[in-house]
Amino acid sequence: MIECPWCNNQVQLVNDICPECKHEVLPEHLITSTFTDHTDEGNNKLNLKLIISKCDDL
Ligand SMILES: [Zn+2]
């Protein structure tokens with residue numbers, strides 16, 4: 001489940017299409033949601049790891 005950036009519903013994408021509003025949701029649309037709980041996407045986990053490793057440098 002992800003939060004659709006277009007309709008803000010919790011949806012399961014079907015072929016990258018939100019079934020609620022029929023908009024295409026690309027991974028880059030979800031980057032701003034990295035700090036939410038929707039970490040079931042592999043890309044989000046990767047982004048989180050990158051951010052955490054950057055924090056370690058500080
Ligand atoms: Zn939607």
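We did not get these values from a lab; they are worked out from the coordinates using the rules stated. Treat the numbers as computed from the prediction; the structure is a model and nothing was measured.
The H on the amide N of Trp6, modeled in the peptide plane, is under 5 Å from the matching H of no residue at least 5 residues off or on a different chain. Converting phi to 3J(HN,Hα) with the Karplus coefficients 6.51, -1.76 and 1.60 and the offset θ = phi - 60°, segment 47-52 yields 4, 4, 4, 4, 5, 5 Hz in sequence order, with x at every glycine or proline. Computed from backbone phi, the HN-Hα couplings of segment 19-26 come to x, 7, 10, 6, 8, 7, 10, 9 Hz, rounded to whole numbers (Karplus: 6.51 cos²θ - 1.76 cosθ + 1.60, θ = phi - 60°; Gly and Pro given as x). Under 5 Å from the amide H of Ile17 lie the amide H atoms of Val25, each residue being 5 or more positions distant or on a separate chain, with H modelled from the backbone and absent for Pro and chain starts.
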